[in-house]
Amino acid sequence: MHKNRFRLFLPLLLLSSVFASAVAAQVVAIRAGNVIDSAKGTVAKNQIILIQDGKITAIGAAVAIPKDAQVIDLSNEWVMPGLIDAHTHLTLTEIPGKAPFEASYLKEGSALRGFRGLHNAQIILQAGFTTVREVGNEANYACSDLKKAFREGWFDGPTVQCAGKIIGQFGGQSGNVPPEQGAFWKFEYIDADSPDEIRHGIHENIYYGADVIKLVADNSVYHYSEADIRAAVEEAHSAGRPVAVHVYGGPAADNVIRGGADSVEHGFELNDDQLRLMKEKGTFLVGTDFPTAHLAGLSPSNDVLAHADVLGAKIIDRLGRAHRIGVKMAFGSDTVTEMPGRTRADMMLDYLAVWRAAGVPPADILKAMTTNGAELLRIAKDRGAIAPGQFADIIAMPADPLQEIESLRKVNFVMKNGKVVRAAK
């Protein structure tokens, strides 16, 4: 009886396998009128892009379109790789007013935070952000579950890298909390005040799914030493993870740069000597270059964020100096507030005006939002360009962003891993 059932089942299994192979072999051909090479800032005209099994297999003006291919006509569009944001908090929205961001811990658990992350992730994917790095403040590892949901194909979403809980000195990014309240910050932070404790925090984060290690170096009067940073870098790199460090400037930034961190997050007060050292060492700046209007909506946790106009001017100055010195930069938004009638994607794209004000040309902005981001996230072999072997993360728009960077607000076509998630009309 068992053998008979197997004989009946085997043909169905083989038929299913053949059908799955046929579906997987479907070729998509894009007729692209203008293809932007964001690494070089150049444009190739009238290209054919072939895609199979989620990856680009060929691109060129003379590429033949297979007879049975699905053809997508973008001949009047400007086509480029999907955008990358290297500093996001999709699962976090600060409570407006004077409430500290920790106030949300009383009302929002990890599940709700995960749903917010899903909501924001789908919005920004539609706007052209196909890869993001979530650098902490994700509740109790909510990002790891969000990432799993996208990988399972339950929802459309960008490629997501997670940092897990932020590692910092005692207290995380809180301060002056009555001891009776307990160490509530451990909902999103790991206390680590020595190299051994830092290593333990890294192990814990990786266990729960972290792709990048995030440290806070200077949130209080004490800060991590160069030896502390070096210990974190050695431990994380041995596990194949880069290290991102929140630091504004001063001696703490010296330690972060000399200790070998892969990226400085924020760096609002970096001086020219520090920027030159970053260039020398290949340290990325993820500047989170806030528009002044966004700064005004933040809950100030320290004096650095207390005066929006002053900090807004300081950010533009630092961004311009970093560009002129030649520091590697990756785009990062750090958007955690809301504005009436604006989506998370709208607010992320507001940062383009700051880069323009700092004198950064559109070609360099696009590079920071694509190939540089892919290099920092260690995914350059798979994403960040339109080239054979890359995943087909492709966006398009009706105007040239190399001429006017604000054209990125008009993205009307998005493909993620070879699947069209927004079709041009």
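Annotations for the structure displayed:
- Picking from residues in region 366-394 that are aliphatic (A, V, I, L, M) and closer than 21 Å to residue 135 by Cα, the one that is surrounded by the most Cβ atoms within 10 Å (Cβ to Cβ) is 369.
- Residue 292 vs. criteria under 19 Å from the mean Cα position of the chain (by Cα) and open to solvent by 10 Å² or more (accessible area, probe 1.4 Å): no
- The lone exception for residue 214 - which of (1) within 13 Å of residue 138 (Cα to Cα); (2) touching a helix residue (DSSP H, G or I) at 6+ places or on another chain (Cβ under 6 Å); (3) of a type in the set (D, E, K, R) it fails: (2)
- For first residues located in region 290-307 and at pLDDT below 60, partners that are among the small types (Gly, Ala, Ser) and open to solvent by 20 Å² or more (accessible area, probe 1.4 Å) and lie 6+ apart or on another chain with Cβ distances below 8 Å form the pairs 299/97; 299/99; 300/306; 301/175.
- Against the test of being out of contact with any Gly (no Cβ under 9 Å at 6 or more places or on another chain) and of a type in the set (A, V, I, L, M, F, W, C), the options 202, 229 yield a single qualifying residue, 202.
- Of the strands (runs of 3 or more DSSP E) lying entirely inside region 40-112, those carrying at least 2 residues that are over 27 Å from the mean Cα position of the chain (by Cα) are 42-52, 70-81.
- For residue 236, the stated conditions hold: it is crowded, with 20+ Cβ neighbours inside 10 Å and within 21 Å of the chain's Cα centre (by Cα).
- Of residues in region 107-139 being touching a residue at least 60 places away in the same chain (Cβ under 8 Å) and small (Gly, Ala, Ser), the one surrounded by the fewest Cβ atoms within 10 Å (Cβ to Cβ): 127
- Within region 395-425, tally of residues that are open to solvent by 60 Å² or more (accessible area, probe 1.4 Å) and more than 15 Å from residue 30 (Cβ to Cβ): 6
- Hits in region 326-356 (condition: aliphatic (A, V, I, L, M), surrounded by fewer than 22 Cβ atoms within 10 Å (Cβ to Cβ) and under 25 Å from residue 277 (Cβ atoms)): 354
- Look at region 172-188: where a residue is β-branched (Val, Ile, Thr) and a partner is surrounded by 13 or more Cβ atoms within 10 Å (Cβ to Cβ), sitting 6+ places away or on another chain with Cβ atoms under 9 Å, you get 177/102; 177/171; 177/183; 177/184; 177/185.
The values are calculated or read from the model by the stated rules, or taken from the named source; none is laboratory data. Remember, it's a predicted structure, so these values are computed and weren't measured experimentally. Every residue, glycine among them, receives a Cβ derived from its backbone with ideal geometry; neighbour counts consider all protein chains shown. Please note that ligands, DNA and RNA were not included when accessible areas were found on the heavy atoms of the full protein model with its side chains. Shrake-Rupley method; radii C 1.70, N 1.55, O 1.52, S 1.80 Å.
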